[in-house]
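Inspection log for the structure reproduced underneath, given as structure tokens.
The values are calculated or read from the model by the stated rules, or taken from the named source; none is laboratory data. Here the structure is a predicted model, which means the values were calculated and not measured. We place every Cβ from the backbone using ideal geometry, glycine too, and count neighbours over all the protein chains shown. Please note that ligands, DNA and RNA were not included when accessible areas were found on the heavy atoms of the full protein model with its side chains. Shrake-Rupley method; radii C 1.70, N 1.55, O 1.52, S 1.80 Å.
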Amino acid sequence: CAAAVADLPVIRRNPTTRALEAVREPEPGECLASTREQLGLYEAAGIRIAREPEEIDPKDPAIVLAVEGCDFLEGDLARLDEMAERGVRSIQLAHYRVNDTADIQTAPPVHGGLTQFGAAAVRRMNALGIMVDVAHCSEAAVRGIAAATDRPLLCTHANLLEPGAPGGEHPRFIGLDYARMVAGTGGVIGAWITVLWQEKFDGLIRHALRLIDAVGVDHVGIGTDMPSGVAQTEMPDFTRHKDIAGALMARGLSAEDVAKVCAGNWLRVFRDTRGRA
């Protein structure tokens, strides 16, 4: 998956905390224009874009278009139709800015979870065959999203909270209830390497196994979020994905379960979402 970041024009890294945060409100149409521009760069890159699950072919690499954040909507659900027509197949409700759909993990709540407009956006994405990604959403928002969706959810990049462990209470980590809500829809959580500055690649494997223990192997995937953070050096491109499979097998997973984590679970959500569009 290759993602456009809808709130990109208005987020910056805090020089003191190093956290990404919104620094201003976007101008009307600004996030939509940026999203269109970023998608255009992927389209112009010459890489094949897969619009349907059956177009995924290991012998012919392709990307699936995604968007982080519904900031481009500005109250207009028809813009989801535009994204679907363009080939976008996965959309995250919110990113580092509380928008008009949902609260986020890294800022104080504004809506108390999911908004009515956010619920309508979830239902529209279901109808259009766009996978709904809850990464960055608050737990209260995920509770509302799980109630609104009739398709499996994605939480594309997150790890389980680990109180007491170094970095184990990162604001983007999720609790058991959060993880189980995603899994309860038939969804998938992607183990996340970006913030694992101490453990690095080995930490990605450890956190994937923790997720498997918590929600089952049918609900875990790989969400690198590359090339952000430690992924810049640990996983700068897709060549290390074979190392993920090898490391999981070395930890005792069967070839069948490794195939689920490394591809099959996400493909199942993609097929289900498209098949009922």
For residues that are touching a Leu at 6+ places or on another chain (Cβ under 7 Å) and closer than 20 Å to residue 226 by Cβ, tally how many sit in the range 57-112. 5
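Limited to the range 114-124, what total is found for residues that are within 15 Å of residue 71 (Cα to Cα), in a helix (DSSP H, G or I) and touching a helix residue (DSSP H, G or I) at 6+ places or on another chain (Cβ under 6 Å)? Show your work before the answer.
Filtering the range 114-124 down to residues within 15 Å of residue 71 (Cα to Cα) leaves 114-115, 117-122.
Next, from what is left, pick out any that are in a helix (DSSP H, G or I): 117-122.
Now restrict to residues that are touching a helix residue (DSSP H, G or I) at 6+ places or on another chain (Cβ under 6 Å): 119, 122.
Qualifying residue count for the region: 2.
One line per residue, one yes/no per condition, for (1) out of contact with any strand residue (DSSP E or B) (no Cβ under 6 Å at 6 or more places or on another chain); (2) of a type in the set (Val, Ile, Thr):
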site: 114; (1), (2): no, no
site: 121; (1), (2): yes, no
site: 124; (1), (2): yes, no
site: 130; (1), (2): no, yes
site: 137; (1), (2): no, no
Among the helices (runs of 4 or more DSSP H) lying completely within the range 223-277, list those that include at least 2 residues that are open to solvent by less than 50 Å² (accessible area, probe 1.4 Å), β-branched (Val, Ile, Thr) and in contact (Cβ under 8 Å) with a residue 60 or more places away in the chain. 265-275
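Mind telling me which of the residues 194, 185 ends up being of a type in the set (Val, Ile, Thr), free of Cβ contacts under 8 Å to residues at least 60 places away in the same chain and in contact with a Pro (Cβ under 7 Å, 6 or more places away or on another chain)?
Numbers: 194 fails: in contact with a Pro (Cβ under 7 Å, 6 or more places away or on another chain).
After applying the criteria, what remains is 185.
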Taking residue 109, is it under 24 Å from residue 222 (Cα atoms) and not in a helix (DSSP H, G or I)? no
Going through (1) touching a Lys or Arg at 6+ places or on another chain (Cβ under 6 Å); (2) closer than 22 Å to residue 109 by Cα one by one, residue 126 fails only at (2)
Taking the range 78-106 and keeping only residues that are touching a residue at least 24 places away in the same chain (Cβ under 8 Å), part of a helix (DSSP H, G or I) and open to solvent by 10 Å² or more (accessible area, probe 1.4 Å), one is left with 79, 81, 84, 86
